[in-house]
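Scroll down for the structure; my scribbles are underneath it.
Quick note: the coordinates plus some simple rules give every number you see, no bench work behind them. Predicted model only: the values in this text are computed from it and were never measured. Methodologically, a virtual Cβ is constructed for each residue, glycine included, from the backbone with ideal geometry; neighbour enumeration extends over all protein chains shown.
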Amino acid sequence: MAHGQRIVAIIVAAGTGVRAGGAVPKQYARIGGRPMIAYSHDAFAAHPAIAETIVVVAAGQQRMAIEALDCDATIVVGGATRRESVANGVAAAGEATHVLVHDAARPFLSAAVIDSLVAALKTRDAAIPVLPVTDTLARGSVLLGDIVPRSDLNRVQTPQAFAVEALRAAHAVWPADEEATDDAQMVRRLGVGVALVQGSAMLEKVTHPEDFAAAEARVAANSSYETRTAMGFDVHRLETGEELWLCGILIPHDKGLSGHSDADVALHALTDALLGTIAAGDIGTHFPPSDPQWKGADSGQFLQHAAKLIAEKRGRIDFVDLTIMCEAPKIGPHRAAMTARIADLLGLTLDRVSVKATTTERLGFTGRGEGIAAQAVATVRVPGAPA
C-alpha cells in the first residue's frame with residue numbers, strides 16, 4: 001500500500017443483467033467455470049496497493065454474492081441507480097483516502113492497470129483507463145454522414161480512481177434527476193482534472209450473450225483444458241404422503257418420492273454426473289443417507305456442492321442433460337421451470353441445460369407407477385495436459 005494512502009476498491013454489481021439472457025444476473029454467470037464477479041474481486045484482493053474490496057449488490061443478492069466470491073467479502077446493498085450504488089459503496093469505504101470504482105461486467109482486470117491508476121493518484125485526484133478509438137467514426141443513421149475526427153477520442157473503461165473527498169463532493173452536488181454515464185464525468189463537472197492512463201483490451205465489457213462466448217474463448221485461449229463427460233443415474237420410490245420434488249420444483253401429485261433428503265431423483269442423478277466428471281465419488285460419499293442432518297434436505301445444495309468442487313479445480317460446466325423416466329406426473333408443463341431452476345443452481349445460461357422426459361411404455365417399476373428414475377449426463381472442462 002502506498003505510504004499515507006488507504007485505497008479501497010469498489011466493485012459495482014447491483015444490476016439485473018437482463019441483456020445477457022441468462023437465468024442469473026450476468027455478474028454471477030460463470031465464465032471459465034467461475035462466476036464473472038470473482039475475476040475482478042480476485043484481481044483487487046491480490047494487489048498489494050488495495051487495502052479492501054467492497055462489492056455493491058442489489059437487495060436480495062447478498063447470499064448469491066457471498067457464494068460466488070467464496071471468501072470473507074465486504075458486501076454492501078446498492079441503490080436504484082448505478083450512481084446510488086456507487087455512493088453506498090463510497091459511504092462504506094470508511095477511512096479510505098482513495099477508491100477505485102469498477103464494473104463487475106469487466107472481469108479481466110490486470111495488475112498493470114491497477115498499477116497505473118495507483119501511480120496516477122500520487123499526483124492527481126482522479127484517473128481513468130482509456131483506449132484510443134481506432135475505427136473510423138461517421139455521423140448518420142440511414143446515409144453516411146461526415147467523418148468524425150478520432151485523434152483525441154478515447155474509449156473509457158473502469159476501474160476509475162478518485163480521491164475520496166473529490167468523489168464524495170461530486171455525488172453531493174449531482175442533480176437527483178440526472179443520471180451520470182460514469183463517475184469520472186461527475187468529478188470533472190466539479191473542475192477536477194481526470195488523468196488518462198493506458199487501458200486494456202482485456203477490459204471489454206461483458207453484456208450480451210455473444211460477449212460471454214468471447215469471454216469463454218479468452219479464458220480457453222489462456223488455459224489448457226480437457227473435456228470430460230460423466231453419467232449419473234438414480235431411482236426413488238413413489239409413496240403416498242410424500243412431497244414430489246423434481247429438479248428443485250415442487251410438483252403437485254398424489255404421491256411423492258421417498259428417500260435421501262427431499263428425494264429429488266433428478267437433482268441426485270445430475271449431482272452424481274457432475275461428481276463423476278472430476279472422479280469425486282457419488283452423492284452418498286459426500287452426503288451419506290445414514291446421516292440424519294440430510295433428512296428432508298434441499299437437494300439443490302448437493303448439486304451446488306458438486307459445482308463448487310468443479311470450480312475449485314478451475315473446471316467449467318459446459319452442458320448438462322437430464323432425462324426423467326415416469327408415467328406420471330407429466331413433465332412437459334413443468335419443463336421450463338425445471339430448466340430455469342437447474343440453470344439458477346449451476347449459474348448456467350438456459351441453453352446449457354436440457355431437461356427431457358420419457359415413459360417406459362408401462363413396463364417395469366416406473367411403468368407401474370411405483371417409482372421415478374432419472375439419468376443425467378454432464379460435460380465439463382477441467383485444466384489438464386494439452387491433447
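Going through the stretch 189-218, which trypsin sites (Lys or Arg not before Pro) have at most 16 other Cβ atoms within 10 Å and a DSSP loop state?
Working: sites: ARG189, LYS205, ARG218; in loops: LYS205.
Loop-located and lightly packed - LYS205.
Running a GNM on the chain with Cα contacts under 10 Å, which residue among THR229, THR285, THR277 ends up with the highest mean-square fluctuation?
Its mean-square fluctuation being the largest, the pick is THR285.
Do any GluC sites (Glu not before Pro) in the stretch 63-124 lie in a loop, going by DSSP, with at most 10 other beta-carbon atoms within 10 Å of their beta carbon, and if so which? Intermediate values should be presented prior to the final figure.
On the way: sites: GLU67, GLU84, GLU95; in loops: GLU95.
Here the sparse-neighbourhood loop sites are GLU95.
Per the Kirkwood treatment, what hydrodynamic radius in Å, one decimal, follows for the stretch 7-221 from the mean inverse distance over all distinct Cα pairs?
After inverting the pairwise mean of 1/r, the radius is 17.9 Å.
Kindly write out, for the stretch 352-363 in residue order, the coupling ³J(HN,Hα) from the Karplus curve 6.51 cos²θ - 1.76 cosθ + 1.60 (θ = phi - 60°), rounded to whole Hz, with x marking Gly and Pro.
Along the stretch 352-363, the couplings run 10, 10, 10, 10, 10, 9, 8, 10, 10, 6, 6, 9 Hz.
What are the ³J(HN,Hα) values, in whole Hz, obtained from phi via the Karplus relation 6.51 cos²θ - 1.76 cosθ + 1.60 with θ = phi - 60°, for each residue of the stretch 265-270 in sequence order, with x given for Gly and Pro?
Whole-Hz 3J(HN,Hα) from phi for the stretch 265-270: 4, 5, 5, 5, 5, 5.
Reported to two decimal places, what Rg/Rh ratio describes the stretch 150-307 when computed on Cα atoms with Rh from the Kirkwood expression? Don't skip to the end; give the middle numbers.
Details: Rg = 26.2 Å, Rh = 21.1 Å.
Radius of gyration over Kirkwood radius for the stretch 150-307 works out to 1.24.
Within 10 Å of each residue's Cβ, count the other Cβ atoms and sort PHE319, PHE44, PHE108 from fewest upward. Present the calculation step by step, with values, prior to reporting the outcome.
Details: PHE319 14, PHE44 25, PHE108 20.
The fewest-first ordering by Cβ neighbours comes to PHE319, PHE108, PHE44.
Where Rh is the Kirkwood radius over the Cα pairs of the stretch 225-383, the temperature 25 °C and the viscosity 0.890 mPa s, what D in µm²/s does Stokes-Einstein return?
In µm²/s, the coefficient rounds to 158.
Cα atoms only, the chain: Rg and Dmax in Å?
Reported Rg and Dmax, both Å: 24.8, 79.
Going down the table (LYS308/LYS330; LYS122/LYS205; LYS26/LYS308; LYS295/LYS330), which pairs top 30 Å between alpha carbons?
LYS308/LYS330
So what's the back-of-envelope 222 nm ellipticity for the chain, counting only DSSP H runs of four-plus at -39500 (n - 2.57) apiece and dividing by all residues, rounded to 500?
-8500 deg cm²/dmol
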